[in-house]
Amino acid sequence: MSETLRIVSVALLLLAAAINLVRRQWALNILALGLQYICVFLIILEVRSPLLAAIKLIVGLMVTLMLYMTLVSSGLIESLLVRRRLSSGEVFRGTIALLLVLISILLSPVLQQSAFPQSSQLLLTASVGLILFGLFQMGTITEPLYLVIGLLTFLSGFELLYASLEFSRVLEALFTAVNLSLALIGCFFIVKDVESRSA
């Protein structure tokens, strides 16, 4: 894969993670999550065969589809064409998102030199960015969908970092099971949240 495509993939990945942190429009968030998994697939091709990378893509798209179907069946998806003004919270989270991207870019060369010399800077930027975005999202949002997206984002970052270090079939299977389990648990809590609001 060319260097330009890898740079574009990392940029789109961080943009998708930033959208999920900043915006509160569920159709857009699900779309950004799907884009995030596609970009992870393109980045992980650097250290994995196309077949193994495709497993990550398929699992990611399955997770995205599960969350989307749950939101549709609960009547919670609004059109992407609905225009909503940015709230002060979204402006604040947007500022934090820019800061997290900057930290990821500045931290990756240091991490490469001190701890992960076999990993490329682009992969480390993507990995650190996803971990930071996931942690921040989990720490600031209480809605089930955003907690699940935060957990999945964090796990994607960790998977990218681990993939650059070594390969283990057992751990790859475990990551797959954890991703699918998180999606199922997220779907359950989304439905429970809807039921508690309507009760």
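The values are calculated or read from the model by the stated rules, or taken from the named source; none is laboratory data. Being a predicted model, the structure only gives us computed values, none of them experimental. In this analysis, Cβ positions are derived from the backbone assuming ideal geometry, glycine residues included, and neighbour counts consider all displayed protein chains.
Conditions (1) within 23 Å of Ser9 (Cβ to Cβ); (2) surrounded by 13 or more Cβ atoms within 10 Å (Cβ to Cβ); (3) of a type outside the set (D, E, K, R), marked per residue:
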position	(1), (2), (3)
Thr95	no, no, yes
Gln112	yes, yes, yes
Leu132	yes, yes, yes
Ala163	yes, yes, yes
Val191	no, yes, yes
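Could you list, in sequence order, the residues of the range 103-145 that are assigned to a loop (DSSP other than H, G, I, E, B) and in contact (Cβ under 8 Å) with a residue 40 or more places away in the chain? Lay out the reasoning, then the answer.
Filtering the range 103-145 for residues assigned to a loop (DSSP other than H, G, I, E, B) gives 115-120, 141-143.
Passing the criteria: Phe116, Gln118, Ser119, Ser120, Glu143.
Are any of the residues in the range 140-155 small (Gly, Ala, Ser) and modelled with pLDDT under 85? Even if it seems obvious, please write down each step before you answer.
Filtering the range 140-155 down to residues small (Gly, Ala, Ser) leaves 150.
Okay, now just the ones that are also modelled with pLDDT under 85, so none.
No, the range 140-155 has no match at all.
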**Asked** Of the residues Ile131, Ile58, Ile105, which is farther than 30 Å from Asp193 by Cβ and either within 20 Å of the chain's Cα centre (by Cα) or at pLDDT 95 or above (or both)?
**Response** Ile105
**Prompt:** If a residue has to be assigned to a helix (DSSP H, G or I) and out of contact with any helix residue (DSSP H, G or I) (no Cβ under 8 Å at 6 or more places or on another chain) to count, how many in the range 150-191 make the cut?
**Reply:** 8
**Item:** One residue from Ala27, Ala11, Ala18 being under 11 Å from the mean Cα position of the chain (by Cα) and either closer than 15 Å to Ser104 by Cβ or hydrophobic (A, V, I, L, M, F, W, C) (or both)
**Value:** Ala18
**Asked** Within the range 65-88, is even one residue in a helix (DSSP H, G or I), hydroxyl-bearing (Ser, Thr, Tyr), closer than 20 Å to Ala11 by Cβ and at pLDDT 90 or above?
**Response** no
**Request:** Filter the range 37-52 down to the residues that are modelled with pLDDT of 90 or more and in contact with a Ser or Thr (Cβ under 6 Å, 6 or more places away or on another chain), then identify the one that is surrounded by the most Cβ atoms within 10 Å (Cβ to Cβ).
**Result:** Ile43
**Prompt:** Which condition number in (1) in contact with a Cys (Cβ under 7 Å, 6 or more places away or on another chain); (2) crowded, with 19+ Cβ neighbours inside 10 Å is the one that Leu21 fails?
**Reply:** (1)
